[in-house]
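The values are calculated or read from the model by the stated rules, or taken from the named source; none is laboratory data. Keep in mind the model is a prediction, meaning the values are calculated, not measured. Quick reminder, even Gly has a Cβ in these numbers, built from the backbone with ideal geometry, and neighbours come from all protein chains shown. Note: areas computed on protein heavy atoms with side chains; ligands, DNA, RNA excluded. Shrake-Rupley method; radii C 1.70, N 1.55, O 1.52, S 1.80 Å.
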Amino acid sequence: MLIISRPSGSSFTISNVFDADGKPLHNIKVVILGDDRIGIQADKSVTVLRTEVVNARAQEMAKASS
């Protein structure tokens, strides 16, 4: 896990991003908006989910398969 501190209004870029087929994607830009908020600018093929959503989906899939 990368933990960084940046002032509100600043940003950082995640580069060297590829899709599941190995096709390169545009860089992902993360903007620090302040008040514990961030903005994420990424290719539409990139799925961005909060951890609790990922966990809920995994639980639903586990229930469905049992």
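Below are the figures for this structure:
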{"item": "Leading residue by the ranking (nearest to residue 51 (Cα to Cα)) among those in the stretch 1-40 that are among the charged types (D, E, K, R) and in a strand (DSSP E or B)", "result": "37"}
{"item": "Scan of the stretch 55-66 for residues that are outside any loop (DSSP other than H, G, I, E, B) and surrounded by fewer than 11 Cβ atoms within 10 Å (Cβ to Cβ), ordered by number", "result": "58, 59, 60, 61, 62, 63, 64, 65"}
{"item": "Subset of the stretch 1-32 [touching a residue at least 12 places away in the same chain (Cβ under 8 Å) and farther than 15 Å from residue 47 by Cα]", "result": "6, 7, 8, 9, 10, 11, 12, 13, 15, 31, 32"}
{"item": "Residues that are modelled with pLDDT of 85 or more, hydrophobic (A, V, I, L, M, F, W, C) and open to solvent by less than 70 Å² (accessible area, probe 1.4 Å), drawn from the stretch 1-53", "result": "12, 17, 25, 28, 30, 31, 32, 42, 53"}
{"item": "Every pair of residues 6+ apart whose Cβ atoms lie under 7 Å, when the first sits in the stretch 41-64 and is within 28 Å of residue 27 (Cβ to Cβ) while the second is open to solvent by 100 Å² or more (accessible area, probe 1.4 Å) and of a type outside the set (D, E, K, R)", "result": "43/26"}
